[in-house]
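Undergrad: Below: one structure in structure tokens.
The values are calculated or read from the model by the stated rules, or taken from the named source; none is laboratory data. Just so it is clear, the structure is predicted and the values come from calculations on it, not from any experiment. Cβ placement follows ideal geometry from the backbone for every residue including glycine, while neighbour counts extend to all protein chains displayed. When the accessible area is computed, the model is the full protein with side chains, heavy atoms only, and any ligands, DNA or RNA have been set aside. Shrake-Rupley method; radii C 1.70, N 1.55, O 1.52, S 1.80 Å.
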Amino acid sequence: MTEFKCPHCGNPIYDEETLNCLYCGRSLERDTGFLSRLRYPGPRGIVLLIVMLIVISFIMLILR
């Protein structure tokens, strides 16, 4: 069981799946999946997104 501290109130949270703090109710600012990673992509994520768009556009051009 891992301990995570709330960035707002500093209380420890032991539930790994919770998205809001149990004490203050504010967001824990955790990633929840693929779409949330696209919201704040790092340099690697931006490159991956551009490559995926190029591949999809190429496939659409070929199938046309």
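Undergrad: Does the range 23-32 hold any residues that are modelled with pLDDT under 85 and open to solvent by 80 Å² or more (accessible area, probe 1.4 Å), and which are they?
TA: Scanning the range 23-32 gives 29, 31, 32.
Undergrad: Specify the residue that is modelled with the lowest pLDDT; the eligible residues are those in the range 33-61 that are exposed (fewer than 10 other Cβ atoms within 10 Å of the Cβ) and within 30 Å of residue 9 (Cα to Cα).
TA: Here the residue is 40.
Undergrad: Here's another thing I want to ask about it. With the structure loaded, tell me whether residue 16 is out of contact with any Pro (no Cβ under 8 Å at 6 or more places or on another chain), at pLDDT below 85 and part of a loop (DSSP other than H, G, I, E, B) or whether it fails that test.
TA: Values: out of contact with any Pro (no Cβ under 8 Å at 6 or more places or on another chain): yes; at pLDDT below 85: yes; part of a loop (DSSP other than H, G, I, E, B): yes.
Yes.
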